[in-house]
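Note sheet for the following structure.
Readers should treat all values here as calculations from the given coordinates under stated rules, not as data from a laboratory. In this text, all values refer to a predicted model and were calculated from it rather than measured experimentally. Every residue, glycine as well, gets a Cβ built from its backbone with ideal geometry; the counts of neighbours run over all protein chains shown.
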Amino acid sequence: MIKQELRSTIKNLLQKYTEGAEYHNEIIDRAIERVINQLYTATFLASPLSIQRYVKRFGGTTAIPVVLDAVAGIYYSSYPTGYSIVPLPDKSSGVRRVSTVAQAGITFFPMDQRELELVNDSYFENVSDKIGYVVTQDRVEYYGMTVPIATAGVRMDLLIPFSDYGENDEVLVPEIPDKSNIGFTDMVLTILSVIQPIETKDDNLTETTVPQKPKQ
């Protein structure tokens, strides 16, 4: 289902509390994103390889640049403009795959920060042609990067949040692993049930609807 259709489905299920009151699209999107992120994690924990189905590939047409941080002395790639990642509980986090433009074999492998510090003081780069990558909040840092690969750039498979998808992008919603009776829409509506609806006025401003006190 494309993003705007998914939002509309939830919006049409919401109870209309008062005339002229409605949930802002951003509030609905955040609730959807929260549930999808929960399902991503549950899916990953149940079957790590199956999360690959939900990633978005970047760098296919134009490679993602690899830049040298001259101060830190490390190569890195920033995430594509306008995108972030959904963190997962392993070294790859939301960066599920990094590959060369030619995609020749397995060149990159995930590392954590402690491993990076250990190999920096070893002879690892002299006995292996593999490139390690460490996922941070805003970029991917590399260990053992070569000049030819850095010049060509890389490709990445990223697990991105719902808010980063375009309105007409297809969004795959993971199935609920435990097969419980509660469905995806019920999970979203449960979150929205504790959020005050937004009242839109003619002055183009929005404010949270506040229950009125009964007249004395």
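Please rank Thr62, Thr43, Thr146, fewest neighbouring Cβ atoms within 10 Å first, as an exposure proxy.
So the ranking, lowest neighbour count to highest, is Thr62, Thr146, Thr43.
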Label point at Asp129 placed 7 Å out along Cα→Cβ; residues across the stretch 151-175 whose backbone nitrogen lies under 20 Å: 151-155
Extension gain (nm, one decimal) between His24 and Ala152, 0.36 nm per residue minus Cα-Cα: 41.8 nm
Compute the distance in nm between two label points, each set 7 Å from the Cα along the Cα-to-Cβ direction, one at Ser8 and one at Asp186. 2.6 nm
For Phe184, Phe44, Phe109, what ranking results if the residue with the fewest other Cβ atoms within 10 Å of its Cβ goes first? Phe109, Phe184, Phe44
Sorted by Cβ neighbour density within 10 Å, fewest at the top, the residues Thr185, Thr100, Thr151: Thr151, Thr185, Thr100
